[in-house]
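The values are calculated or read from the model by the stated rules, or taken from the named source; none is laboratory data. Just so you know, these numbers come straight off a predicted model, no measurement behind them. Positions of Cβ are generated from backbone atoms using ideal geometry, with glycine treated the same way; all protein chains shown enter the neighbour counts.
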Amino acid sequence: MYYADDVVMQENSDAPFVGKVLNRNREIEFFQSIAEWHGAKVEYSAINGDVSFGQWWMDVTFKNGSGTRTPKWRCGNGRTARLSTSGSFITRLHKSS
């Protein structure tokens, strides 16, 4: 996955995470916490200019024994991304220059 050096990612209403290194490390930590992968599927997606939208679900069991089958929504471009597990979010995306 490509991240801009100054990428900003945010989950639900949590504080945003800024920077390529920080966000890449968060992704690595997340995938290392998975014990079993049961499946995932992109259900909807759209692209308009440099903004993309996707809705998908993921079914996993984590190493701590908890599991989830969670629907997720993502909206973003090469610099900003917003992830929601609640199904609703409002975000302002800034075009890359």
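Remarks
A quick yes/no check of all residues on (1) farther than 25 Å from Ala4 by Cα; (2) of a type in the set (S, T, N, Q); (3) in contact (Cβ under 8 Å) with a residue 24 or more places away in the chain:
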| position | (1), (2), (3) |
| --- | --- |
| Glu27 | no, no, yes |
| Ile34 | yes, no, yes |
| Tyr44 | no, no, no |
| Asp50 | no, no, yes |
| Arg69 | yes, no, yes |
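- Taking first residues from region 1-14 that are surrounded by 14 or more Cβ atoms within 10 Å (Cβ to Cβ) and partners that are in a loop (DSSP other than H, G, I, E, B) and at pLDDT 80 or above, the Cβ contacts under 8 Å between residues at least 6 apart in sequence or on separate chains come to Val7/Gly19; Val8/Pro16; Met9/Pro16; Gln10/Pro16.
- For region 10-41, a tally of residues being assigned to a strand (DSSP E or B), closer than 27 Å to Gly65 by Cβ and either modelled with pLDDT of 85 or more or hydrophobic (A, V, I, L, M, F, W, C) (or both) returns 9.
- Extreme residue, farthest from the chain's Cα centre (by Cα), among residues of region 45-70 that are part of a strand (DSSP E or B) and surrounded by fewer than 11 Cβ atoms within 10 Å (Cβ to Cβ): Asn48
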